[in-house]
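Notes follow the structure.
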Amino acid sequence: MIKIAPSILSADFGRLAAEVGEAKAAGADYIHVDVMDGLFVPNISIGIPVVKSLRGETDMFLDVHLMIDRPHRYVGAFCDAGADLVCFHAEADEPQDILAAIDEIKGRGKKCALAIKPKTPATVLLPYIAQLDMALVMTVEPGFGGQSFMAGQLPKIRGLRALVEQMNPACEIEVDGGIDPSMAPLVVDAGANVLVAGSAVFGKADRAAAVEALRMAAAVKPDF
Ligand code: DX5
Ligand code: ZN
């Protein structure tokens, strides 16, 4: 099943609870929460207190994407704040700290994902894949919403799908960056099953129509 995960990075933070309520009413599957520290990426967004406040306002599945340096220091705090899934970048920590962070997230009963930037090969995920609930392929350089989808990432998604099928078929594959109804058929055909969409949902006045447009597009076979 294809899941749609609107990213609140494109929402109005002044009325965040209402925005998330609209995404829920629109039939979204996950709420994607982008956390940026100004070090791992050249932008700063939100952090632990906002996740905690959101948790008090919604029962939606909170898919928290950490774009922060040495994430093992904070994954526990994001779990405790109410994340349902904590995703962090394979480029942002040492292998032993990645393993420790995965254990910490799982130990707190939460789902765990690893993300990779566009220049990082999918094979970097190999040592961890068996333990992951999800793998995230960035289809833009992380840091900002509203960028153009990088079509060069499609073969990587396809390769990752093959790896996942062999090693951990339950692992979801999420794509993040520049996803709109024109790109949705391509990423789904390549093997993604969770589509993050910031501008394509919160950038539109009618959120229900926006989620529906993505869902319809995801069901279409691409015409190469
Ligand atoms: C970018 C973030 C994305 C971003 C996607 O670094 O990880 O989640 O919000 O926004 P769009 O869909 O507008 O590219
Ligand atoms: Zn994201």
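The values are calculated or read from the model by the stated rules, or taken from the named source; none is laboratory data. Just so we're clear, the structure is a prediction, and the values are computed from it rather than from any experiment. Virtual Cβ from ideal backbone geometry, glycine too; neighbours counted across all protein chains shown. The protein model used for the area step is the full one, side chains on, heavy atoms only, and it has no ligands, DNA or RNA in it. Shrake-Rupley method; radii C 1.70, N 1.55, O 1.52, S 1.80 Å.
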Mean residue ellipticity at 222 nm from the helices of the chain, using -39,500 (n - 2.57) per DSSP H segment of n ≥ 4 over the full residue count, to the nearest 500 deg cm²/dmol? -10000 deg cm²/dmol
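Of all DSSP beta bridges located in the chain, what percent are antiparallel, nearest 5?
Working: 1 of 33 bridges.
Counting only bridges with both partners in the chain, antiparallel ones make up about 5 percent.
In Å, the Kirkwood hydrodynamic radius of the stretch 55-168 over pairs of distinct alpha carbons? Don't jump to the answer; show the numbers that get you there.
Working: mean 1/r = 0.0684 Å⁻¹.
About 14.6 Å, per the Kirkwood formula over Cα pairs.
Per residue, how much accessible area does the stretch 122-210 have with a 1.4 Å probe, in Å²? Walk me through the numbers before you get to the answer.
Numbers: 3290 Å² over 89 residues.
The answer is 37 Å² per residue.
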If the cut-off is a Cα-Cα distance under 14 Å, which aspartates and glutamates reach Lys110, setting aside same-chain residues fewer than 8 apart in sequence? Asp63, Asp80, Asp84, Asp133
Computed over all unlike Cα pairs, the Kirkwood hydrodynamic radius of the stretch 35-86 in Å stands at 11.1
Euclidean distance between Cα centres, the stretch 153-224 to the stretch 14-58, Å: 20
Quick one: putting +1 on the C-beta of Lys and Arg, -1 on the C-beta of Asp and Glu, what dipole do you get for the chain around its Cα centre, in Debye to the nearest 20? 180
In Å, the Kirkwood hydrodynamic radius from C-alpha pairs for the chain sits at 17.1
Sites Asp189 and Phe61 - FRET efficiency at Förster radius 30 Å, r taken between beta-carbons, to 0.05: 0.75
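With a 1.4 Å probe and every protein chain kept in, tell me what percent of the accessible surface of the chain is carbon plus sulfur.
Values: 5170 of 9210 Å².
The value for the chain is 56 percent carbon and sulfur by accessible area.
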